[in-house]
Structure formats: C-alpha cells, structure tokens
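Asks: Provided herewith is a single structure, encoded as structure tokens, for subsequent inquiry.
The values are calculated or read from the model by the stated rules, or taken from the named source; none is laboratory data. Here the structure is a predicted model, which is why all the values come from computation and not from measurement. Here the Cβ positions follow ideal geometry from the backbone for every residue, glycine too, while neighbour counts run over all protein chains shown.
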Amino acid sequence: MVNVEDRLSFFPALYRVDVNPDAGMWYLYLTIIFLSIVVYKLGFAKKLPPLKSALIYLFLIMGCTVLTFLAVFLPVTEGLIIAALILIIYKIRLRREQAKGTV
C-alpha cells in the first residue's frame, strides 16, 4: 500500500495536510492565493477600473481552489514561488536598465 505522506509535495507536507486536513488545506489555499496574486501583480497586472480588477481577483481566487487540490501531490506552490522569483528578478533588472536609460 502506498504511504500518502511520502507522496505529498513540500508545502502540504509542511502544513501537515495528512494529519490535520482542515487547517492544512486552508493554509495551503491561502498560500496559493497569496503567491498567485504576487505572480499576477508582477507579471500580468495592468491598470484597470476597480470593478474589473475585483472580477479578475475573484476568478483568480476561484482558480486557486482547483490549484489547491492539485497542489497536494503536485508542486504547484513551488512552481508559483519559482515564477515569482523569476518575475522579481526581471522587474529588478528592468528598473536598473530604465534607470541607466538603455531601455
């Protein structure tokens, strides 16, 4: 028989989803929402009217519900962290280039 604890991704194992599924899944869900918002803001956000922006965040949060279930056994959260780090590095380099005036 397969041990579920061995198959968990890093963050579900960190939040002990196998021992305390209620709290662990909520922590995982909030982590994924936070990271998704960060990635959206760093890479894709544009100035929008408040209602359109609220609608986008609503759909983002609804999509995070599906990602949370996938994140138990797949490295979804880790992928969001990598995406956020890449976008942070890109933004820093872009700002430096803009300050130099080469872009």
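Asks: Give I33, I37, I56 a once-over and let me know the one that is surrounded by 14 or more Cβ atoms within 10 Å (Cβ to Cβ), more than 11 Å from the chain's Cα centre (by Cα) and closer than 30 Å to R93 by Cβ. Spell out how you get there, then give the answer.
Replies: Working: I33 fails: more than 11 Å from the chain's Cα centre (by Cα); I37 fails: more than 11 Å from the chain's Cα centre (by Cα).
Going through I33, I37, I56 in turn, just one is surrounded by 14 or more Cβ atoms within 10 Å (Cβ to Cβ), more than 11 Å from the chain's Cα centre (by Cα) and closer than 30 Å to R93 by Cβ: I56.
Asks: Criterion first (of a type in the set (G, A, S), modelled with pLDDT under 95 and part of a helix (DSSP H, G or I)) does S36 satisfy it? First the steps, then the outcome.
Replies: Numbers: of a type in the set (G, A, S): yes; modelled with pLDDT under 95: no; part of a helix (DSSP H, G or I): yes.
No; evaluated as a whole, the condition is false for this residue.
Asks: Looking at A45, A99, A84, can you tell me which residue is part of a loop (DSSP other than H, G, I, E, B) and of a type in the set (A, V, I, L, M)?
Replies: Step by step, each of A45, A99, A84 is checked, and only A45 is part of a loop (DSSP other than H, G, I, E, B) and of a type in the set (A, V, I, L, M).
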